[in-house]
1. Conditions first: (1) assigned to a strand (DSSP E or B); (2) at pLDDT below 90; (3) of a type in the set (D, E, K, R). Asp260 passes all but one, so which condition is the exception?
2. Tell me whether the range 79-86 contains one or more residues that are in contact (Cβ under 8 Å) with a residue 60 or more places away in the chain, in contact with a Leu (Cβ under 9 Å, 6 or more places away or on another chain) and closer than 27 Å to Ser126 by Cα.
3. Of everything in the range 113-137 that's in contact (Cβ under 8 Å) with a residue 24 or more places away in the chain and of a type outside the set (Gly, Ala, Ser), which residue is farthest from Gly31 (Cα to Cα)?
4. Is it the case that Asn48 is touching an Asp or Glu at 6+ places or on another chain (Cβ under 9 Å), crowded, with 23+ Cβ neighbours inside 10 Å and in a loop (DSSP other than H, G, I, E, B)?
5. Filter the range 92-126 for residues that are in contact with a Ser or Thr (Cβ under 8 Å, 6 or more places away or on another chain) and among the aromatic types (Phe, Trp, Tyr) and give the result.
6. If I filter the range 278-301 down to residues being of a type in the set (Lys, Arg) and modelled with pLDDT of 80 or more, which single residue comes out as farthest from Asn335 (Cα to Cα)?
7. Filter the strands (runs of 3 or more DSSP E) completely within the range 63-142 down to those with at least 3 residues that are of a type outside the set (Ser, Thr, Tyr), within 26 Å of Phe332 (Cβ to Cβ) and more than 20 Å from the chain's Cα centre (by Cα).
8. Could you tell me whether Val172 is touching a Ser or Thr at 6+ places or on another chain (Cβ under 9 Å), surrounded by fewer than 20 Cβ atoms within 10 Å (Cβ to Cβ) and either among the β-branched types (Val, Ile, Thr) or in a strand (DSSP E or B) (or both)?
Amino acid sequence: MNQKVLLLFALITATITMAQVGGRYTYEFLGLVNSPREAALGGKVITNYDYDPTQGLYNPASINPAMDNQLSLNYVNYIGDISYGSVAYAYLWDRRTQVIHTGVTYINYGKFDGYDEFGNPTNSFSGAEVAFSVGHARNIPYTNFHIGVNVKLISSKLEQYSSFGGALDIGVMYVHEDWDLNITGVARNLGTQFTPYDEVYEPLPFELIFGISQTLQNVPIRWHLTLENMQIWNVAFKNPDMEEIDLEGNVIEEKINFIDNTFRHMILGLELFPEGGFNIRLGYNIRRGEELSIVDKRAFAGLSAGFSIKLNKLRLSYSYAKYSTAAASNYFGLNINLQ
């Protein structure tokens, strides 16, 4: 029976992966990093299986009893005047293993000056989007596998246009407690628009993510390896700034090979003192670093770092993520133990 469940999950994700390669998506905010912890570890980290309820927003298979009565509040000062955040809470309702997870993710795009087709100023306008989610995870009996599902309702309003949609996240996680090893895969944003902005129904930003992490023996370090955007293999593109001109005037473009694409799916993260009252987090997003780097100038794009401090029943977190010399983001988080 367990093999049938895993096979069905693989077939569903493979089918949807084939159907949504390429194209432009709506509700792109669903792919934003949800917390300072994830941001510091490079973004899209899905392998944490502990107290942090924010992890359940990205990977429902991580929902577990340790999240009981934990409330997480997160805020991001994003690029420009854009800000976004998330709220997550989990409740163990039968005192054993039945955990219900709820969450809200929102983004505020700020205010924009409106102009007509002749360039005359009109009324200013704004834009915002929000997603409400409910999730639950179950252990597959007599195994170390956990499977979880998030159900999301999505609302978006951009100027005078609005849209409403729904999506599912499906995750499977293998937890080997003796080795402190977690291996997981998530199919995110399987869904559709119920009502489009105008007449055209747009696809959601489906993504297939795999991850593995482990705490080293006798060393207070947990390493994380995440493989993002696995539904699209060719994520690398040629950078025009890397073009060269030979002596005969021929333009030599940057060559993108199998190795380039392989590494651009990877996100690397390290967490020092992961179970302590104070910990330090470091990460590197390889694709972000390659795409946002500046030729012949050190920009530190793709790097991120942060820390957290536990004060009784509160845990404060902060992270800083570098995108380029002109853009960076600050992430703030507060985890409250309500027990």
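The values are calculated or read from the model by the stated rules, or taken from the named source; none is laboratory data. The model shown is predicted, which means the values in this text are computed figures rather than measured ones. Neighbour counts are summed over all protein chains in view; Cβ atoms, including those assigned to glycine, are modelled from backbone coordinates with ideal geometry.
1. The number of the failed condition is (1).
2. Pass one, the range 79-86, residues in contact (Cβ under 8 Å) with a residue 60 or more places away in the chain: 79.
If we keep only those that are in contact with a Leu (Cβ under 9 Å, 6 or more places away or on another chain) as well, we get none.
The answer is no; no qualifying residue exists.
3. Checking each candidate, the answer is Phe125.
4. So Asn48 fits the description; yes.
5. Matches in the range 92-126: Tyr106, Tyr109, Phe112, Tyr115.
6. Applying the filter and picking the extreme gives Arg287.
7. On the way: elements: 70-77, 83-92, 99-112, 125-139.
Fully inside the range 63-142 and qualifying: 99-112.
8. no
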